[in-house]
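Enquirer: Encoded as structure tokens, here's the structure I'll be asking about.
The values are calculated or read from the model by the stated rules, or taken from the named source; none is laboratory data. Model, not experiment: these values are computed from the prediction. Cβ sites come from the backbone with ideal geometry, for glycine too, and all protein chains shown count toward neighbours.
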Amino acid sequence: MSEINSDQDQKYNDYYEQTTNYTCENCGSSVTEDGYKTKLCPSCRYKLSKRPLPKSIKIFLGIIMVLIVYSFMRLPNSMKGVLAYEKGKKAESQKKYVTALKQYQIADKEYDLTDIKAKIIVAEFYNGNYITANDLLCDLEGEIIEDKSLYDQLLNISTYINEIYYYTDDLYNLMNEISSQSNDIKIERLTEYINTNPFNIETAITLAGLYYTEDNLEQSKKYMQMVLDQYPDYQYALEALASYETELENYDTAAKICDQLFNINSESLGAYVTYADIELRKSNDKKALEYVEKAYNLDPVNSSVLNMMIITYQVNKMYEERDDLLEEIEKMDLPPEELKYFKDIKKNLQKEG
Amino acid sequence: MFIPGIIISAVTFPGVIVHEFAHQLFCRISRVAIFDVRYFQFSNPSGYVIHEEPKEIYQHILISIGPFFLNTLLGAFIAMSSSIPVLDYNSGKPLDYLLLWLGISIAMHAFPSRQDANNIWYIIKSKKSNLATKIICFPLVVIIYIFSIGSIIWLDLLYGVSIVTLIPKLILKLLV
């Protein structure tokens with residue numbers, strides 16, 4: 001019996017071992033999944049794998065998700081300035097200074113950084129806006145520019161502008177003295193001055209302008225050339241000379257000067273306008289429209305571009321476009337004298353019917 | 001500069017939590033039973049997930065390297081709008097610094113721990129794994145070990161910073 005008994009005990013032990021080894025360790029169910037070291041029934045494995053997250057972790061992950069969504073939402077705005085700055089640098093490297101200036105101005109609104117302000121000065125300078133560049137240089141005084149090449153560039157610009165707009169006390173007094181005089185007297189007195197100060201740019205520019213108003217283009221050219229002999233990249237002088245050559249019907253010379261301008265700034269508005277003028281004078285009206293539209297797309301609030309645009313619309317008999325543009329100009333934030341000029345054009349056109 | 005790991009973990013605790021959550025998430029996806037989870041603690045290890053041994057090799061790998069993908073992506077996404085303004089333009093607002101800290105913290109805990117590497121190493125050695133698995137997993141284990149040892153020389157921090165700066169820069173390059 002005892003044997004029998006002991007045989008029965010052995011059988012019971014074997015059975016017990018088998019069932020405990022093959023039952024779910026979590027709930028004791030006899031159905032376990034094959035292939036796993038840990039014996040669990042499908043339901044327990046599912047439940048254990050779906051272990052709930054504690055409330056604090058749910059809140060933490062919720063905050064993380066909210067911040068990610070927020071980060072994505074503000075991405076276009078926060079990247080706006082960065083993107084503009086990078087686009088500006090790219091445009092600058094391609095000598096596209098109108099685009100560079102626009103992009104730097106966008107970046108400047110987003111970030112108060114000296115480097116961006118310095119880049120704006122560079123772009124203004126290469127767009128020929130020397131006075132604006134000079135004003136901005138004054139604003140930047142006392143700021144530290146770590147980029148050595150940018151610093152050198154600003155230093156060169158500053159020196160260049162100061163040389164061009166160099167006023168001696170004598171010249172300042174002379175200008176004040178003759179300010180209310182007739183053009184003849186102004187020309188006489190300034191010629192006397194320039195004969196003793198042949199390198200004064202301001203005097204040469206003023207004389208060129210006075211001769212231009214007197215319709216003496218040859219003399220204007222002479223003085224502008226005098227300026228360019230000293231400063232061959234002076235954009236104002238190049239633009240003026242190009243327009244004198246255009247008026248004198250020296251179109252090839254004018255075109256060469258325009259190319260010189262494009263070489264300095266591949267988006268030179270002055271060069272586009274002069275090219276449009278040349279084409280209009282050659283009766284290539286459509287070609288003129290192409291040039292002036294390029295300039296308009298770059299800077300739709302530039303007075304000389306707007307003026308040439310109206311003339312080109314007129315010559316191309318695009319009266320509706322011309323009138324729409326004149327309407328638009330009235331809403332623009334232009335200086336009062338420029339606004340008056342365009343209003344007068346509109347009035348004259350209305351009179352003509 | 002040597003800073004005890006526990007202090008680094010405490011300062012970058014969001015990364016530890018996300019790391020452990022990633023392990024848990026991939027256990028859930030792989031239907032592997034979880035017995036215990038510690039999302040963060042002030043001792044070594046700073047977090048852990050104890051789970052059963054997965055049935056398939058891919059489950060093993062997924063659970064071990066899951067945090068690498070989740071932490072990297074979340075770290076990059078969360079700091080995306082802040083990293084360039086703060087790091088390149090020095091013009092961040094307090095919120096930008098918060099997002100940057102979160103991004104770096106999360107990304108720097110992307111690398112699997114030495115224990116995760118041990119788990120993969122265990123699979124490589126097991127009879128279940130074939131030659132292809134061994135070839136794929138071996139370099140993975142080596143890389144994990146390198147980063148684990150490299151954390152002494154701030155390799156994990158370097159990874160975190162790289163993720164939050166390089167990804168936005170890459171996007172910027174594409175946009176420009």
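Enquirer: What pairs can you find where one residue is in segment B:123-144 and under 17 Å from B:GLU56 (Cβ atoms), the other is in a loop (DSSP other than H, G, I, E, B), and their Cβ atoms are less than 7 Å apart, with a gap of 6+ or different chains?
Expert: The qualifying pairs are B:ILE123/B:SER129.
Enquirer: List pairs: first residue in segment B:79-106 and surrounded by fewer than 24 Cβ atoms within 10 Å (Cβ to Cβ), second residue not in a helix (DSSP H, G or I) anywhere in the structure, Cβ distance under 7 angstrom, at least six positions apart or on different chains.
Expert: B:PRO85/B:SER91; B:PRO85/B:GLY92; B:VAL86/B:GLY92; B:TYR89/A:TYR111; B:TYR89/A:LEU113; B:SER91/A:TYR111; B:SER91/A:ASP112; B:SER91/A:LEU113
Enquirer: Mind counting the residues in segment A:23-50 that are surrounded by 17 or more Cβ atoms within 10 Å (Cβ to Cβ), within 8 Å of another protein chain (Cβ to nearest Cβ) and free of Cβ contacts under 8 Å to residues at least 12 places away in the same chain?
Expert: Here the count works out to 1.
Enquirer: Would you mind telling me which numbered condition in (1) buried (at least 21 other Cβ atoms within 10 Å of the Cβ); (2) closer than 26 Å to A:LEU228 by Cα A:ALA288 fails?
Expert: That leaves (2) as the condition not met.
Enquirer: Any chance segment B:62-77 includes a residue that's part of a loop (DSSP other than H, G, I, E, B) and either more than 14 Å from chain A (Cβ to nearest Cβ) or touching a Leu at 6+ places or on another chain (Cβ under 7 Å) (or both)?
Expert: No, segment B:62-77 contains no residue that is part of a loop (DSSP other than H, G, I, E, B) and either more than 14 Å from chain A (Cβ to nearest Cβ) or touching a Leu at 6+ places or on another chain (Cβ under 7 Å) (or both).
Enquirer: Follow-up question, since we're still on this one. Can you find a residue in segment A:245-253 that is within 24 Å of A:ILE187 (Cα to Cα), of a type outside the set (Val, Ile, Thr) and in a helix (DSSP H, G or I)?
Expert: Yes, some residue in segment A:245-253 is within 24 Å of A:ILE187 (Cα to Cα), of a type outside the set (Val, Ile, Thr) and in a helix (DSSP H, G or I).
Enquirer: What are the residues in segment A:318-353 that are aromatic (Phe, Trp, Tyr) and under 30 Å from the mean Cα position of the chain (by Cα), if any?
Expert: Scanning segment A:318-353 gives A:TYR341, A:PHE342.
Enquirer: Identify, please: which residue in segment A:101-132 is within 14 Å of another protein chain (Cβ to nearest Cβ) and among the polar types (S, T, N, Q) and is, among those, surrounded by the most Cβ atoms within 10 Å (Cβ to Cβ)?
Expert: Looking at the filtered set, the residue picked out is A:GLN103.
Enquirer: Something else now. Among what's in segment B:1-40 and is away from chain A (no Cβ under 14 Å) and assigned to a helix (DSSP H, G or I), pick the residue that is farthest from A:ILE57 (Cα to Cα).
Expert: For segment B:1-40, the residue satisfying everything is B:GLY5.
Enquirer: Let me ask something additional. Quick check on my filter: what residues within segment B:87-102 are facing chain A (nearest Cβ under 10 Å) and either assigned to a helix (DSSP H, G or I) or among the acidic types (Asp, Glu) (or both)?
Expert: Result: B:ASP88, B:LEU95, B:ASP96, B:LEU98, B:LEU99, B:LEU102.
Enquirer: Across segment A:54-75, which residue is nearest to B:VAL16 (Cα to Cα) among those that are within 9 Å of another protein chain (Cβ to nearest Cβ) and not aliphatic (A, V, I, L, M)?
Expert: The qualifying residue nearest to B:VAL16 (Cα to Cα) is A:PHE60.
Enquirer: Can you give me the number of residues within segment A:148-172 that are modelled with pLDDT of 90 or more and either more than 30 Å from A:ALA123 (Cα to Cα) or among the hydrophobic types (A, V, I, L, M, F, W, C) (or both)?
Expert: 5
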